[in-house]
Amino acid sequence: MRWRWITPVVQENLIVLGGSSTAFGHRWTLSQLMRFWYLNCGLHPGRFPVHDTSRWDEFQVINFHPRVFRDHDVDVKIEFCGVCGTDVHTISGGWGPPTLPLIPGHEVIGYVTQIGKQVKSFGVGDRVGVGAQVGACFDCFSCRNGDEQYCPDHVHTYNAVDPVSGATCKGGFATAIRVHEQFVFPIPDEISSEDAAPFMCAGLTMYSALVRNGAGPGRRVGIIGLGGLGHLGVQFAKALGCRDIVVLSHTPDKRRDALRFGATHFYDFIDDAAECQACFSQTLDLVISTLSVWKDYRDIIPLLRARGRIILVGIPDDPLPVLGIYQLVISGVLVGGSKIGNKSEVVEMLKLAVEHGIRPQIEISSSMYGYFWIKIFTSRSLDVLVSSVGRAMRRVEEGRVRYRQVLRMDIHMAGVYQSSSEKLEFEFRRGNDRTAEHQSVYLLYPPGG
Ligand SMILES: [Zn+2]
Ligand SMILES: [Zn+2]
């Protein structure tokens with residue numbers, strides 16, 4: 001293992017030099033040494049045994065080399081990554097067996113550290129975001145019409161294979177990501193990195209579904225589910241000028257929050273069903289369902305006017321419940337789906353967010369904090385460490401997050417993500433410099449690979 005030779009150097013400095021530790025020509029603080037020692041004394045690639053996907057909330061740190069760098073690529077050093085319901089569904093096998101090892105995360109915010117020869121729209125040091133897509137053919141009907149998210153050859157950010165190199169795509173629970181520039185988005189200065197992360201999937205999914213289905217001044221919109229997607233959708237609907245914004249939820253505790261986000265009405269699925277029908281029968285222009293659990297949409301159809309639309313953006317593990325064709329025919333209601341959005345919609349969405357002060361309500365978790373203290377105070381021989389990443393994922397799965405979990409990607413706080421001693425020294429000297437180069441990265445992934 002290439003890091004193993006470093007360990008005695010550090011130990012020697014600790015023992016011989018006591019508190020005054022100098023290595024690679026750099027004077028280290030005690031906390032830097034502790035982080036370095038921790039990251040290099042046991043977390044070697046391949047150290048951990050293979051596990052099964054049922055233990056999906058147990059994450060480990062691995063070293064990972066990104067695919068070959070191409071002319072249109074942008075390297076992004078990651079600061080924050082949101083946790084999406086899709087991450088949980090994928091790693092827990094809800095949509096079928098994932099490709100392992102799997103590094104989830106597709107609400108990425110960070111800084112550009114390297115650009116390819118053909119990249120014109122980004123420079124080193126730019127703050128950018130990456131969402132749920134990292135590739136498309138750029139030549140099909142969808143791609144030529146601004147619908148690259150519907151390209152038949154689309155490449156998802158993780159649990160997918162890069163069609164050129166054959167390498168497995170790795171997501172944003174990592175120190176860095178390498179992406180084609182088309183799927184890298186500029187982030188306005190007015191939005192902080194942690195706030196920007198949830199816009200990359202949750203925000204875009206709602207914004208695109210709203211604007212592509214007629215949400216605007218005077219419209220009546222329903223949003224089913226007030227979670228990571230729904231709470232941003234309500235704010236967008238308000239900013240777009242919708243007349244009525246009706247939230248349907250099975251969590252009555254969220255009523256006050258829904259109204260705070262801009263909803264005009266809030267109904268509990270069970271307790272308020274009759275009242276909702278009485279007030280909004282055949283009036284809504286659009287209902288967007290963010291639910292990732294089974295829902296009988298036959299109850300929703302009577303709320304929509306003729307030619308009104310039910311748009312599904314949440315993807316439950318189970319198939320869609322049977323819809324009565326008779327009910328659809330006599331109501332004239334349309335049922336469809338919507339997937340994330342295109343690049344110009346990202347730019348429009350963030351502009352709207354700046355103009356109207358739209359921000360996600362987030363909970364920030366450190367990705368490494370749990371690891372760090374467990375490693376310090378327990379045996380290094382632990383095969384699996386339940387990190388704060390796993391805890392964050394579990395909170396998402398249990399529906400306890402209000403309203404988006406965002407991971408601080410502080411793996412790189414140790415400055416260790418170079419594969420040569422020269423680069424390592426450079427990294428430590430530069431500390432947390434946002435423009436530092438990197439060639440290899442440490443990432444988190446659920447066991448099983
Ligand atoms: Zn997502
Ligand atoms: Zn295409």
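The values are calculated or read from the model by the stated rules, or taken from the named source; none is laboratory data. Quick caveat, the model's predicted, so the values are computed rather than measured. Neighbour counts are summed over all protein chains in view; Cβ atoms, including those assigned to glycine, are modelled from backbone coordinates with ideal geometry. Calculation scope for accessible area: heavy atoms of the full protein, side chains included, ligands and nucleic acids excluded. Shrake-Rupley method; radii C 1.70, N 1.55, O 1.52, S 1.80 Å.
Selection of the stretch 353-371 for residues being part of a helix (DSSP H, G or I), in contact (Cβ under 8 Å) with a residue 60 or more places away in the chain and open to solvent by less than 60 Å² (accessible area, probe 1.4 Å) yields ALA353, VAL354, TYR371.
Looking across the stretch 331-352, the residues that are surrounded by fewer than 19 Cβ atoms within 10 Å (Cβ to Cβ), closer than 16 Å to ILE310 by Cα and more than 16 Å from ligand 1 (Cβ to nearest atom) come down to SER331, GLY332, LEU334, VAL335, GLY336.
Based on this model, can you work out whether ILE103 counts as of a type in the set (A, V, I, L, M, F, W, C), part of a strand (DSSP E or B), crowded, with 24+ Cβ neighbours inside 10 Å and within 16 Å of ligand 1 (Cβ to nearest atom)? Spell out how you get there, then give the answer.
Details: of a type in the set (A, V, I, L, M, F, W, C): yes; part of a strand (DSSP E or B): no; crowded, with 24+ Cβ neighbours inside 10 Å: yes; within 16 Å of ligand 1 (Cβ to nearest atom): yes.
It is false that ILE103 is of a type in the set (A, V, I, L, M, F, W, C), part of a strand (DSSP E or B), crowded, with 24+ Cβ neighbours inside 10 Å and within 16 Å of ligand 1 (Cβ to nearest atom).
Of all residues in the stretch 123-159, those that are in contact with a Gly (Cβ under 8 Å, 6 or more places away or on another chain) and hydrophobic (A, V, I, L, M, F, W, C) total 3. Residues that are open to solvent by 10 Å² or more (accessible area, probe 1.4 Å) and within 16 Å of ligand 1 (Cβ to nearest atom) within the stretch 70-87 comprise PHE80, GLY85, THR86, listed in sequence order.
Here is a yes/no grid of residues against (1) at pLDDT 95 or above; (2) more than 16 Å from ligand 2 (Cβ to nearest atom):
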{"site": "ASP153", "(1), (2)": "yes, no"}
{"site": "ASP162", "(1), (2)": "no, no"}
{"site": "SER165", "(1), (2)": "no, yes"}
{"site": "THR168", "(1), (2)": "no, yes"}
{"site": "ILE177", "(1), (2)": "no, yes"}
{"site": "PRO188", "(1), (2)": "yes, yes"}
{"site": "ASN213", "(1), (2)": "yes, yes"}
{"site": "PHE236", "(1), (2)": "yes, yes"}
{"site": "GLY241", "(1), (2)": "yes, yes"}
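Cβ separations smaller than 6 Å between residues 6+ apart or across chains give the following pairs from the stretch 86-107 residues that are over 19 Å from ALA174 (Cβ atoms) to residues that are outside any loop (DSSP other than H, G, I, E, B) and of a type outside the set (Asp, Glu): GLY93/THR53; TRP95/HIS89.
SER165 meets the conditions (1) over 23 Å from SER338 (Cα atoms); (2) touching a His at 6+ places or on another chain (Cβ under 6 Å) in every case but one. The failed one is (2). Applying a threshold of 9 Å to beta carbon distances and a minimum spacing of six or more residues, or different chains, the list of pairs starting in the stretch 311-333 at a residue that is farther than 22 Å from ALA215 by Cβ and assigned by TED's automatic domain parsing to the domain that holds GLY227 and ending at one that is of a type in the set (A, V, I, L, M, F, W, C) and loosely packed, with under 11 Cβ neighbours inside 10 Å is empty.
For the stretch 180-214, how many residues meet the condition of being open to solvent by 20 Å² or more (accessible area, probe 1.4 Å) and more than 19 Å from GLN235 (Cα to Cα)? Give the steps one after another, and end with the answer.
Here is the first cut: in the stretch 180-214, the ones open to solvent by 20 Å² or more (accessible area, probe 1.4 Å) are 180-182, 186, 188-190, 192, 194-195, 211-214.
Of the ones still in play, those that are also more than 19 Å from GLN235 (Cα to Cα) are 180-182, 186, 189.
Number of matching residues: 5.
Among the criteria (1) assigned by TED's automatic domain parsing to the domain that holds LEU226; (2) open to solvent by less than 40 Å² (accessible area, probe 1.4 Å); (3) out of contact with any strand residue (DSSP E or B) (no Cβ under 9 Å at 6 or more places or on another chain), the one ASP268 does not fulfil is (3).
Entry remark, the stretch 121-151: residues being in a loop (DSSP other than H, G, I, E, B), away from ligand 1 (no atom under 16 Å from the Cβ) and either free of Cβ contacts under 8 Å to residues at least 60 places away in the same chain or open to solvent by less than 20 Å² (accessible area, probe 1.4 Å) (or both) number 9 in total.
Restricted to the stretch 166-177, and to residues there that are closer than 21 Å to GLY82 by Cβ and assigned to a loop (DSSP other than H, G, I, E, B), the residue that is farthest from ligand 1 (Cβ to nearest atom) is THR175.
For the stretch 31-89, which positions are of a type in the set (Lys, Arg), part of a helix (DSSP H, G or I) and modelled with pLDDT of 50 or more? Even if it seems obvious, please write down each step before you answer.
If we filter the stretch 31-89 for residues that are of a type in the set (Lys, Arg), which is where we start, we get 35, 47, 55, 67, 70, 77.
Still in the running and part of a helix (DSSP H, G or I): 35, 55.
If the condition is that a residue be of a type in the set (Lys, Arg), part of a helix (DSSP H, G or I) and modelled with pLDDT of 50 or more, then ARG55 is the only one that fits.
Residues that are within 16 Å of ligand 1 (Cβ to nearest atom) and closer than 17 Å to LEU100 by Cα within the stretch 152-165 comprise VAL155, HIS156, THR157, TYR158, ASN159, ALA160, listed in sequence order.
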